[in-house]
Amino acid sequence: VLFSCVVLLVVFVLFTAAVSRLYHKQIHVLADKWFDQGETSLRAGDIKSALTDYRNALVYSPNNTKFQFHLAQALAAASRGDEARSYLLNLLSESPGSGDVNLALARIAVHKGLTPEALRYYHGAIYGVWESDPIGMRWQVRRELAEYLLDRGLQQQAVPEIIALADSTPANDPEQLRAVGNLLLRAKLWTRALDLFRSVLSANDDDEDALRGAATAAFNLGQYN
């Protein structure tokens, strides 16, 4: 009798474990299904449906940080910045060095006109952790920050960002060099801009954008010839 009871107990334990695994597997399948549907809705521009899909995904996987981040992005896109910020701050408390989360918070701060907060989060993104292409992402974030500061008329604060951007720009990337050169022109850093555009022209002397940029810088430096 004792042996039979032990055998039955083992069978019941194994059966319960199998059912539990099947249940959790199904939960993950449903969570992923709703998340994928949310991605499809967002790409189609249907933000309202995307919000519903992401929330449904979180019902099945409430602690999934990826789902929370995408929901926050959708909320920001729907002009519900305060709700998005709440999610993002929770994520930031768990991963303070996340480049993605810091950038999302910086953009919300920009939308709300909170310049000191935007600067803090932009720098958090620049020096943060990125899962893919960290060098490229940091360059893009610093460019975005420099453009934001110039748009706000904060030239003095923009200058060090533009100089840092120029120093981190590959010498063999004419597209990025032209972008930095235009920022140097906007910041009235004529000498640096002229040197940069000349470096682009040394590789391609028919580059019209670089010729125009070099001409603008030379004109402002009084180098009319």
Inset, instruction - Round to a whole angstrom and tell me the spacing of the C-alpha centers of region 198-225 and region 25-58. - result: 50
Inset, instruction - Answer rounded, prolate or oblate for the chain, using the Cα gyration tensor with square roots of eigenvalues a ≥ b ≥ c: rounded when a/c is under 1.5, else prolate when a/b is larger than b/c, else oblate. - result: prolate
Legend entry - Sequence-separation-based contact order of region 119-180, relative, with Cα cut under 8 Å and 6+ spacing, percent: 25
Inset, instruction - Leaving out ligands and nucleic acids, note down the accessible area per residue over the chain with a 1.4 angstrom probe, in whole Å². - result: 60
Inset, instruction - Round to the nearest 0.05 the FRET efficiency obtained for residue 171 and residue 93 when R0 = 35 Å and r is the Cβ-Cβ distance. - result: 0.30
Inset, instruction - Mind pulling the angle between the C-alpha long axis of helix 208-220 and the longest principal axis of the chain? Nearest 10 degrees, somewhere in 0 to 90. - result: 50
Inset, instruction - Per DSSP H run of n ≥ 4, the term is -39500 (n - 2.57); total these for the chain, divide by its residue number, and report the mean residue ellipticity at 222 nm rounded to 500 deg cm²/dmol. - result: -26500 deg cm²/dmol
Inset, instruction - Return the carbon/sulfur percentage of the accessible area of the chain, one whole number, probe 1.4 Å, all protein chains in place. - result: 56
Inset, instruction - Could I have the simple spin-label model distance between residue 27 and residue 12, label points 7 Å from Cα toward Cβ, reported in nm to one decimal? - result: 2.3
Legend entry - Three-way shape call for region 110-188 based on the alpha-carbon gyration tensor, with the a/c threshold at 1.5: oblate
Inset, instruction - List every residue whose amide H lies under 5 Å from the amide H of residue 98, counting only residues 5 or more places away in sequence or on a different chain, with H placed 1.01 Å from N in the peptide plane. - result: 129
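How many lysine pairs are close in the chain, with Cα atoms under 25 Å apart and the two 8 or more places apart or on different chains? Don't skip to the answer; put the middle values down first.
Values: 25/33; 25/66; 33/48; 33/66; 48/66; 48/112; 66/112.
Summing the qualifying lysine pairs gives 7.
The values are calculated or read from the model by the stated rules, or taken from the named source; none is laboratory data. Just so it is clear, the structure is predicted and the values come from calculations on it, not from any experiment. Note: ideal-geometry Cβ built from the backbone for every residue, glycine included; neighbour counts use all protein chains shown. Ligands, DNA and RNA are excluded from the accessible area calculation, which covers all protein heavy atoms including side chains. Shrake-Rupley method; radii C 1.70, N 1.55, O 1.52, S 1.80 Å.
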